[in-house]
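One structure is given below, encoded as structure tokens.
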Amino acid sequence: MDSIRRQLRQLDRQLSGREGLQALILYEAPLLVPATGLITGIVTHYHLSLPFCFWLGIGFLSVIGWLIYSRIHISNRMMLPAIFILLILISLGAVRLALFEQPAPTDIRNFVGKDRILATLRGEVLTDVFEADKNDWKFGRYSWSGGGSSFYLKTTETQTATGFQPISGTIRVQVEDSLEGIEPGDNVQMYCWLSRFKQPLNPGQFNVADYMHRRGVFVSATVKSTNGIMLMEKAAPTSFPRLQKRLRQITTSALVDESIAREPARGILEALILGQRKNQSSEVFEAFRKTGLAHFICLSGLHFGILTLCVWWISRAMGLSKRWRAVVCLGITILYVTIVPPRAATLRAAVLVWFMCLAILVFRRPRPLNTLSLTAMIMLLIRPMDVFAPDWQLSYGTVTGIILFYNPIHNRILTMTLDRFPDTWDLSMAGRFCLEVAKQILEITTVGLAAWLGGAGILLYHFGTITPLSVLFTVLVSPLVFAILIFGFLKILLSFLLPTLGALLAIITAGLANFLIWLVTLLQHIPFSQLTPGHISLLIIAFFYLCLLWPRLFPSRKRLYRHIAFASLLGAIVLPLAWNKYNKTHSGNLEVTVLSVGHGQAIHISLPDSTNLLFDAGSLTMQDPGRRVILPFLRHRGITELEAIIISHDDIDHLNAVPEVINSIHPNTILANQDLIQRSQTLSSAGFLRQCLEQERMELRPIDLTRWKNGSVQLKLLWPTEEILQNDTFSDNDKSQVVLLKYSEKRILICSDIELPAQIKLFEQFPELKSDVVIMPHHGSTTNLLDDFVQRLNPQAIVISCSRQRMETAFQPPSSIKAFYTPIDGAVSIYISQEGKLTIQGFCEQTQ
């Protein structure tokens, strides 16, 4: 009977004409047009920056047109008002973004330019103080000098020659020491350096400047010591920030008691239920990301829905009426929002639940897509730049996918599966149970597939990855996640009423969380759990969504039409992946990229046969360069395999990112010279690296580059010789590897950290040594550089990998030689084509 009812409902929709774009706008989601217009206006103004008066004019003319239309008779009565509303909301979106971007006269960003300045500021602390965790980065445990503290400050005054003057705006404060005694709501005074946020210097690197821009934060403050911050006034105990912090502490202690405080389950429970990620293991998060299950540990509609369900059950058990249950759910979710971080998915889910509760109170049946459109408009009017945030796009994209595609997918799956079994079967109790389980599995599969379709293009565009097995993984872990959320919310609610029952629930919840971690960690090793094609063009993403939405917006009963739409959708997914793969394996070019990692070195080498090597991976001035720079770069390029990591010598700024790289991308081998291999048996950075490699069941092997020599490309080890490796008079730096790459009669020389003695010996062995590009020794330092080192090599260009603080003392070549500096030019990419054409380009030049 279920299949018959479903077919009758579908036939009723077809006969009533309530299918397609017009029905969607007029019946299902009238607010979809205003929401689309608002988004269009924000995006258009962001890219075109048209005058403010232009948008006011468009809005005024649209209002006049609407008023005229309402007075006269026009045959098309439905679509023309929608067009006027669209134009009005486009204007409103552009005006809202223009106002958001326009600083007040006293805004702090008006006083900070490209160069940093010293300032004394006063203001109110807005957030908890975040302390960097040394255990999150493996080499942080080896050489930790303090990751510092950070918080957000609402500025109120700044010191001038005439005293303190009013100022406004929110800034992010970074303190280089551990900061204690500062809480939200406190008023402080600090002596600091002010600067603008910098754009990323490497492909794929997280754009802090854009992220802060979306939050309305444009200025960063750096405090060298905690002595530079003075507490002016503590927040009142009854102030909202103090009450909010206290409420978070109470909720966290109710969820995580002493029995599980130190278990791995703590991080996953706090992330799943409270949205707190500070205690979450980076390895666990990476496993969730690779399997496409990261949405489970980010608060969303699922979490709010289960919380509301738990509160609804308890309220019903207490004998409350339906409307009073809605009131209780409304109150609990409002309280929950004050506890959890205010992220896009969280706020969207909260507003949806609130509207659902209000609909029950006023006896109205909510329409999901209409409610979703309303929440999008509210959030964008408050923070218009959120429309460019990946989390905002994923949140709304996946929910929109569920709303639009759940019914078509569910009907199709049922037609192919359960509907094939006759309704007249007389099933036993076990049979009926199995049937209900099968229905629930199909429900979860349908929701997962619809959400995946809604978010796949966004994931591809922003992160260059796609998780084709995430729907299957979602089916496997959903029962666990549902159970953890239900038991977790019940534990929080019952800890204050029935502590003994709460303690029992803690044991159950922790056990389920530990099992979830084990399962997801196991799933990440399944082949094809994640595909990484690299960056995908926006046009391809747009074509994908066009193919996806076309059958839904413009339906047809013709089977050929549906087959063409499905083939186009499949092509929109498969063809970009195949094209990217073909380009990577058939480029025929040698590409060497010197990444910008501060004072350190990380060089990616892509051979013409698509073999990928990593030469060094470390930094002295950047924390966790592996996860911050190297891995995002590899994902951006669609690189999922490394043939080898070559470590030049035992210096921490050349190897402290290796553990994070091999944890994410397992290379075939780790190569080093005999000096480093011997030192790995001692208490040194090489020794600590050996311990990290053993945890991954890997080991250091002697360098042998002959395996990558062929007729077109040559990799030659010039230095050190076996004799030098045994000579104790040479320093570690002078025993670092010097490699010459030759392709199509062009040469690239990687000098590592060799100093004067090694440079002299190198020219004695190779007096005619020349190179078209030289990656300078010892980060471009002139202290231990031969006066004629560069002149004797006669390069067209040099590349210096150093920190911004070392720029003043870095080598400056004559004007005939092009110089690239990673703190200014960003990652430097060197291309040599099959024809021998040499191209060198800095990342900052590419993004201008």
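The values are calculated or read from the model by the stated rules, or taken from the named source; none is laboratory data. Only a predicted model underlies this, so the values are computations on that prediction, with no experimental measurement involved. As a convention, Cβ positions derive from the backbone with ideal geometry for all residues, glycine included, and neighbour counts pool all protein chains shown. To get the accessible areas, we keep the full protein, side chains included, count just its heavy atoms, and leave off ligands, DNA and RNA. Shrake-Rupley method; radii C 1.70, N 1.55, O 1.52, S 1.80 Å.
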Evaluation of Ile339 against (1) modelled with pLDDT of 80 or more; (2) touching a Cys at 6+ places or on another chain (Cβ under 9 Å) (one fails), failing number: (2)
Members of region 812-834 that are open to solvent by less than 30 Å² (accessible area, probe 1.4 Å) and either under 17 Å from Gly600 (Cβ atoms) or part of a strand (DSSP E or B) (or both): Ala819, Phe820, Tyr821, Thr822, Pro823, Gly826, Ala827, Val828, Ser829, Ile830, Ile832
Test: residue in region 609-632 that is at negative phi, modelled with pLDDT of 90 or more, open to solvent by 50 Å² or more (accessible area, probe 1.4 Å) and outside any loop (DSSP other than H, G, I, E, B): yes
Sole exception among (1) over 32 Å from the mean Cα position of the chain (by Cα); (2) at pLDDT below 80; (3) open to solvent by 30 Å² or more (accessible area, probe 1.4 Å); (4) not charged (D, E, K, R) for Gly502, by number: (3)
Test: residue in region 227-235 that is more than 27 Å from Asp386 (Cα to Cα), assigned to a helix (DSSP H, G or I) and of a type in the set (S, T, N, Q): yes
Single condition Val217 does not satisfy, out of (1) part of a helix (DSSP H, G or I); (2) in contact (Cβ under 8 Å) with a residue 40 or more places away in the chain; (3) of a type in the set (A, V, I, L, M); (4) within 30 Å of Tyr461 (Cα to Cα): (1)
Members of region 211-253 found to be at pLDDT 90 or above, farther than 20 Å from Val188 by Cβ and open to solvent by 50 Å² or more (accessible area, probe 1.4 Å), listed by number: Tyr211
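Quick one: is Lys742 under 15 Å from Asp772 (Cα atoms) and either touching a residue at least 40 places away in the same chain (Cβ under 8 Å) or open to solvent by less than 20 Å² (accessible area, probe 1.4 Å) (or both)?
no
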Residues (open to solvent by less than 40 Å² (accessible area, probe 1.4 Å) and at pLDDT 80 or above) located in region 548-577: Leu548
Among (1) of a type in the set (Phe, Trp, Tyr); (2) open to solvent by 30 Å² or more (accessible area, probe 1.4 Å); (3) in contact (Cβ under 8 Å) with a residue 60 or more places away in the chain, the one test that Phe288 misses: (2)
Filtered residue count, region 666-684, keeping only those that are out of contact with any strand residue (DSSP E or B) (no Cβ under 9 Å at 6 or more places or on another chain) and in a loop (DSSP other than H, G, I, E, B): 5
Pairs with Cβ under 7 Å, 6+ apart, first in region 745-765 and open to solvent by 60 Å² or more (accessible area, probe 1.4 Å), second assigned to a strand (DSSP E or B): Arg747/Leu740; Arg747/Leu741
Any chance Thr474 is over 25 Å from the mean Cα position of the chain (by Cα) and surrounded by 20 or more Cβ atoms within 10 Å (Cβ to Cβ): no
Which listed residue is over 29 Å from Asp728 (Cβ atoms), out of contact with any Asp or Glu (no Cβ under 9 Å at 6 or more places or on another chain) and buried (at least 17 other Cβ atoms within 10 Å of the Cβ), from Val790, Val774, Val799: Val790
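I want to confirm something. Restricting to region 61-83 and keeping residues that are assigned to a helix (DSSP H, G or I) and open to solvent by 90 Å² or more (accessible area, probe 1.4 Å), which single residue is modelled with the highest pLDDT?
The qualifying residue modelled with the highest pLDDT is Leu61.
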